[in-house]
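These notes are about the structure you will find just below.
The values are calculated or read from the model by the stated rules, or taken from the named source; none is laboratory data. Please read these numbers as outputs of a predicted model, since none were measured by experiment. Here the Cβ positions follow ideal geometry from the backbone for every residue, glycine too, while neighbour counts run over all protein chains shown.
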Amino acid sequence: MSARIMTGSAGLNVTDLTRSIDFYTTALGFEVVRRSPEGAEPWAHLGLGTAVLLTLWQQALHGFEGADAGLHHLSFEVASLDELAALEGRVRAAGVRLREDAQGLAKPSDSGQFFFHDPDGIRLELYTEQPAPKPAPAGPLPACGFYDELPAGRSDPARGI
């Protein structure tokens, strides 16, 4: 019998804890569940209620480089398209630029998902499965691959990137 494995909270290295807390609480509505004690290395648990969804560690020296091995994106699921649309409005109101894919839709959230970056360049996704989202545009690469975000000289035609 296989063990049931589920994703727990994610831990992200950030360059400025205060700035990151402000971003995640303003743009996504997370709450600070607990913080490091005064004088300790800075970190914060963020979530909703008492559920910790994200730990921020202030220990990065520079922003995230998407072309390096590691996290591709961090996603958060919401219950409905209505909630997703409301979060799109909240993220935009916080001044965050969304990744706009050419899908011919009125809003990115109409596709059942949208992507954006946090202040350190970490790619984030908000999505819903209820109701089932419209099919992603057909093409040689997945819509969330973002190969176009690779720096010049980092492509590898043998691997399709």
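Here SER75 meets the list (1) more than 21 Å from GLN130 (Cα to Cα); (2) in a strand (DSSP E or B) almost entirely, failing just condition (1). In region 27-41, is there at least one residue being touching a residue at least 12 places away in the same chain (Cβ under 8 Å), under 20 Å from HIS117 (Cβ atoms), surrounded by 16 or more Cβ atoms within 10 Å (Cβ to Cβ) and of a type in the set (Val, Ile, Thr)? Scanning region 27-41, I find no residue that is touching a residue at least 12 places away in the same chain (Cβ under 8 Å), under 20 Å from HIS117 (Cβ atoms), surrounded by 16 or more Cβ atoms within 10 Å (Cβ to Cβ) and of a type in the set (Val, Ile, Thr), so the answer is no. Of the strands (runs of 3 or more DSSP E) lying entirely inside region 1-60, those carrying at least 2 residues that are under 17 Å from ILE122 (Cβ atoms) are 10-14, 43-48, 51-58.
Among the criteria (1) in contact (Cβ under 8 Å) with a residue 40 or more places away in the chain; (2) among the hydrophobic types (A, V, I, L, M, F, W, C); (3) under 20 Å from VAL91 (Cα atoms); (4) touching a Ser or Thr at 6+ places or on another chain (Cβ under 9 Å), the one VAL52 does not fulfil is (3). Within region 94-141, being at pLDDT below 90, basic (Lys, Arg) and assigned to a strand (DSSP E or B) holds for one residue alone: ARG99.
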